[in-house]
Amino acid sequence: MRVADWLRGAVARLAPLIGAEEARRDSRLLLAAATGWSAARLAASGGDPLPAEALTRADAFLDRRAAREPTAQILGEWSFFGRPFAVSRDVLTPRPDTEALVEAALAAPFSRLLDLGTGSGILAVTLLAERPAAMGLATDISAAALAVAGANAARHGVAGRLQLAQGDWWAAVPDDARFDLIVSNPPYVTGEEYGGLAPEIRDFEPRGALTPGGDGLSAYRAILAGAPAHLSPGGRLAVEIGAGQGADVAGLFRGAGLEDVAIGPDLSGRDRIVTGRIEGVRGS
């Protein structure tokens, strides 16, 4: 089978499930992984026959994608903020919208970072990679997620500056620890919304990282219960939010005593982050 024929058939199979644009993207990603070819070589090889072993791998990848397994999990990695990150069924697939949280976090200096509910570690690892003098602590309730985060920290050369600790929210954070910056992408999907998520998310990503149930705000309440005591004077808190949650989460920030509370957009212009700081001289 020629490369172009396989791609045409893969797109035809996937498009009714995930849409034509995503089908074209995923078909190329899967075939590149199966062949080991670069995107440039793949684009130039439409008339070339696929090696038998590569065809077998590509067909197996396509079967998995047609069963709605996320492409990131099939490949074992996904790009975030220009870097590849290992992923598995124990963590969320990195999403472009979360890059807005990184941009907000990088808007001011920090030397001590805390990432609550780190998952694959994309926030902590990216922020430490972007700020080589900073140190960090990343926590998660899942040991399996922390293993993925540790691998990503090592991959991007920040393992020596990032401590990983297992625990639920503040349980893994020392009582006397203070941070210039606290970040989190917590579970925020409401219990009602969870059943309507795409199969790639609902059936393949960890439920506990997606939804706390109920109104979707319980993780923010837990974070705000401890953030003021763990922020250095002038320290900042930045979190990702779900659709329509901006006003509620901003209210929780203000209720906890944070100042300069702001709601920020993602790449599509939707409310995606809430930021605030504790009173005092800004951390450096």
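The values are calculated or read from the model by the stated rules, or taken from the named source; none is laboratory data. Predicted model, so just to flag it, every value in this text is computed and none were measured. Quick reminder, even Gly has a Cβ in these numbers, built from the backbone with ideal geometry, and neighbours come from all protein chains shown.
Miscellaneous remarks
- Selection from segment 226-256 of residues that are closer than 18 Å to ASP140 by Cβ and either in a helix (DSSP H, G or I) or β-branched (Val, Ile, Thr) (or both): GLY226, ALA227, HIS230, VAL239
- Of note, ASP90 satisfies the criterion of being closer than 19 Å to ARG202 by Cα and in the same structural domain as PHE204 (by TED's automatic domain parsing).
- Test: GLY157 is free of Cβ contacts under 8 Å to residues at least 40 places away in the same chain and at positive phi: yes
- Pairs meeting the criteria (first residue in segment 255-282 and in the same structural domain as ARG95 (by TED's automatic domain parsing), second residue of a type in the set (S, T, N, Q), beta carbons under 7 Å, at least 6 apart or on different chains) are ALA262/THR275; GLY264/THR275.
- Looking across segment 180-225 at every residue that is of a type in the set (Ser, Thr, Tyr) and in a loop (DSSP other than H, G, I, E, B), the one that is surrounded by the fewest Cβ atoms within 10 Å (Cβ to Cβ) is identified as THR190.
- Filter result for ALA40 (modelled with pLDDT under 95 and either in the same structural domain as GLU205 (by TED's automatic domain parsing) or not acidic (Asp, Glu) (or both)): yes
- Breaking point among (1) touching a strand residue (DSSP E or B) at 6+ places or on another chain (Cβ under 6 Å); (2) more than 19 Å from SER111 (Cβ to Cβ); (3) of a type in the set (Val, Ile, Thr), for ILE141: (1)
- Across segment 214-224, a minimum of one residue is classified as farther than 23 Å from ALA107 by Cα and free of Cβ contacts under 8 Å to residues at least 12 places away in the same chain.
- Residues being in contact with a Phe, Trp or Tyr (Cβ under 6 Å, 6 or more places away or on another chain) and within 28 Å of LEU128 (Cα to Cα) are represented in segment 62-72 by at least one member.
The rows are residues; the columns are (1) assigned to a helix (DSSP H, G or I); (2) surrounded by fewer than 16 Cβ atoms within 10 Å (Cβ to Cβ); (3) within 17 Å of the chain's Cα centre (by Cα); (4) modelled with pLDDT under 95.
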| position | (1), (2), (3), (4) |
| --- | --- |
| LEU30 | yes, no, no, no |
| GLY46 | no, yes, no, yes |
| SER79 | no, yes, yes, no |
| ASP90 | no, no, yes, no |
| PRO94 | no, no, yes, no |
